Structure formats: structure tokens, C-alpha cells
Amino acid sequence: MKLFPTGHATHPQWRMAAGLVLAQLRAQMALPDYAHSPTLGLLYITDHYATEAQEILDHLGAELPEITDWSGTVGIGVSANNAEYIDEPALSVMLCMLPSDQYRVFSGVAPLAGSEMSGFAAHTALVHADPGTPDLTELVAEMAGRTDTGYLFGGLSSGRGDALQFAIGGNGNIRGHGAAGGVFSGGLSGVVFGEGVRLVSRVTQGCQPVSREREITEAEGNLLLRLDGEPALDVLLAELRVSLEAPQEAIEAVRGTLVGLVNAGSDGIRRTGDLGADVLVRHIIGLDPTRRGIAIADVAEAGMRMSFVRRNAQAARADLMRICAEIREELEPQEQTLATARAVAAGEAEAAPHPARRIAGAVYVSCSGRGGPHFGAPGAELQIVRHALGDVPLVGFFAAGEIARHHLYGYTGVLTVFAAND
């Protein structure tokens, strides 16, 4: 297994940043432990470069002609191993060496259908999506249904301008693109992977329950009317210990509170008191004093379960460390030579990417509401990942919503690694 080359940089001029990234990629491709003939590039840029997106893609494609396929998007921030660039001009790139018959790039103008999927069974997929796309939840679920596992990972483009996506394949063109240059807006795009690409993925939550879990006993669209048989608004006010007779205090308390939704029988609040991976965190968008209801940013149904939650940095750190430990435990072999064990367990100053970790590369999509400001310091979130997984090649972006399995999440992180096949 070869490590995937990565490069990242920030600079007011995109050509300077691209030059730094290309230098990193070429230097790594010359090393024995790294892939020297990758074909798939993952490209993430911050919205500062959005107006130059086509120029950036064309430039990288010309400088790296061996990369026949590209996928990626724009974010309010991008990430790399041990580094994050939020609200500054930056780009992050990873070059993946995968069997050409084990992946396909797709986009809204070149969907997965017909000859493009002939003889190819989609196992899972990396998905980028425009948050302004109508019926996005249904589209994500439909896309998940096209894969054998039903598992997607990725996120929604973020930024102050157009939600751009990159999708290009087959020596610079995918059937259906026509004259398009590979930069798109709207819909979904990404990469589907075959069964021969081993991926290990986990979702980490960024919120903590502030109430016990309750059953939704009556709902109408996005309006929660009764929880455990009681008026939903009354339950909320009681949990927050506020009253509508003191509206300013009540508004402040409600603004800091969200709702965690989960289907009956799914992974809700764990015994440890944190949120399970099946919980979908949604905003409270209004109160209905007449019907004693709570309006949320999703559709709810009677029989679902919910809890009131709040963002919590300590819980987010602990949960991120938990999923990293789960990934590491799943991938580490039962026995290692002494030399391998020493290399993998090297201290921070000596840490370097190592094939013994069985991780060729990683993609981390985190909520734009997380990152340094939430974890306490610039790069702190990525430092947790590096400390837990080691110095593995990593690329990613800060999203307007995260995709995992067939769900759209909020305030979460989705960490996925390309692993060595057993």
C-alpha cells in the first residue's frame, strides 16, 4: 500500500499557493513510500479562490497530466493534516492511487447511468452537494440507494458565493460534460467507489444532550406538537427553565438550543450521555404559542425520538477522539514487529506518514461551525485527528452540512480513511 501525496498552502495569489502545493506533491511522489502514479485528485479550495476555480483546475490539470480524474468543492475553510485554513485564501489537494476499474467520477450533468456504470457496482461514494439544491435530503437518500452499502460520505459546499464543485474524469472529460470545464454549480457530484476500495468511516457529533430522550407523540410537518404526550413548547420551556413572560431571557435560551432527532430503535443518547451516530441535530426555527408547538428545520413524524441539545466543545473533542480510536483499532493488525511499533508510536516531533498505519489517505469533512473557534485554537480539531491517527495524508473542507450514510447532518465531522485491503 502506497501513501497518497498531499499538498496544502495559503497565499493571496492562487498561483503562488498552487506552486507550493505542486512542489509538495512532486516531492512526495518521488519518495518510495508514496504513490508515484496516482490518477484521482481531490481538490478543495476556500471561497476566496472561487472566482478563479476554473483557472485553478485547469492549471493543476496541466501541471499534473497523469491525474485523469478530479473531484472536490469550495468551502469556507479547507483542511489538511494538522492544519486548517478558515476564512483565508487556501487550497488542499490529495492524489489517490486507486485501480481505474474501482471508481467513477460523476456530476449533475454526467450522472451515474448507462454505459458509465456498465459492469461497475457502486459500493460507497464521496459526495459533494450544493446546499441550495431542492429536495436535497431526498437526493442524498436516492444516491445512497444506488450503492451496495447505502453509505455516503461528504458534505455541502459552503462559502459566501456560488457553491462550486469540481468533477472531471477520463483524461479531462466525462461523457455528458460536452464543452464544460469541470466546474459546476447545483446538484450532487463526487466519486463512487467499488468494493475493491476499502474505506472506514465514522461520524463524530459536536453537541451534548441537555434533556432526556423523549418520544414525539404528535407532529405536523416541521412542527413538534407533543412530546411524551405533553405540549412540546411547555416541555422546552420547562427544560430550559424559562418563561414566555420573560421573552428576552427565553429567546436567548432557545437560540442556544437545538433538537437531536432519531428514529425509533436507532442509536440515540448513549449510556455515556453523548449522542449516537444516528442522531440528526436540527435548529429550532420558531415557536408556536397558540398550538404550544416548536418548529424545527426538518420534518418530524410521530414515533421518532428527540432530545434538546447544545453545542459543547468538550463533548466534541471527546467524541472525535473516540471515532479516531475506533478507526485505528479496526485497522491495526493484531501483531507488529518492534520496528513497526516504534515507527507508528513515534513522538510528535518524529511523527511521519507510515504504511504500517494501514491508512493511505483520509478525507475529513467538518461543519463550518466547528474548527478552531469551537475547539479552542487554530488547527486544534485537526491536531486531535493527527494525535490519534498519526501523521497520515489528509484532505478536507468545512461544510454547510455533512453527509454520512443516507443522512444530512449538522455540527458533525465525518472522517473517512482509505485503508489497506487485508
**OP:** Starting from the Cα gyration tensor of the stretch 223-334, multiply each eigenvalue by 5, take the square root, and state the resulting semi-axes largest first in whole Å.
**Re:** 32, 16, 10
Original post:
How much length is gained on full extension from Glu329 to Asp58, taking 0.36 nm per residue of separation minus their Cα-Cα distance?
Top reply: 93.6 nm
Original post:
Sorting Glu239, Glu330, Glu245 by accessible area (1.4 Å probe), largest first, what list results?
Top reply: Glu245, Glu330, Glu239
Subject >> the chain - Rg over Rh from alpha carbon coordinates, Kirkwood radius >> reply: 0.99
Original post:
Per residue, how much accessible area does the stretch 174-260 have with a 1.4 Å probe, in Å²?
Top reply: 44 Å²
Original post:
Within a Cβ distance under 11 Å of Val191, other residues only, what is the Lys/Arg minus Asp/Glu net charge?
Top reply: 0
Subject >> Long-range amide H partners of Cys96 with built H, under 5 Å >> reply: Thr39, Leu40, Gly41, Leu42
Original post:
Taking Rh as the Kirkwood radius computed over C-alpha pairs, what is the Stokes-Einstein D of the stretch 151-300 at 20 °C in a medium of viscosity 1.002 mPa s, expressed in µm² per second?
Top reply: 113 µm²/s
Subject >> Karplus (6.51, -1.76, 1.60) ³J(HN,Hα), θ = phi - 60°, over the stretch 47-59, in Hz, Gly and Pro reported as x >> reply: 5, 4, 9, 4, 5, 9, 4, 5, 5, 5, 5, 4, 5
Original post:
So, with a 1.4 angstrom probe, what is the percent of accessible area on the chain that is carbon and sulfur?
Top reply: 50 percent
**OP:** For the stretch 1-139, state what percent of all Cα-Cα pairs lands in each successive 10 Å bin, counting from 0 Å until the bin that includes the largest distance.
**Re:** 11, 38, 35, 15, 1
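The values are calculated or read from the model by the stated rules, or taken from the named source; none is laboratory data. Predicted model only: the values in this text are computed from it and were never measured. Heads up, the Cβs are rebuilt from the backbone with ideal geometry, glycines too, and the neighbour counts pull from every protein chain shown. Ligands, DNA and RNA are stripped out before the accessible areas are found, and what is left, the full protein with its side chains, is counted by its heavy atoms. Shrake-Rupley method; radii C 1.70, N 1.55, O 1.52, S 1.80 Å.
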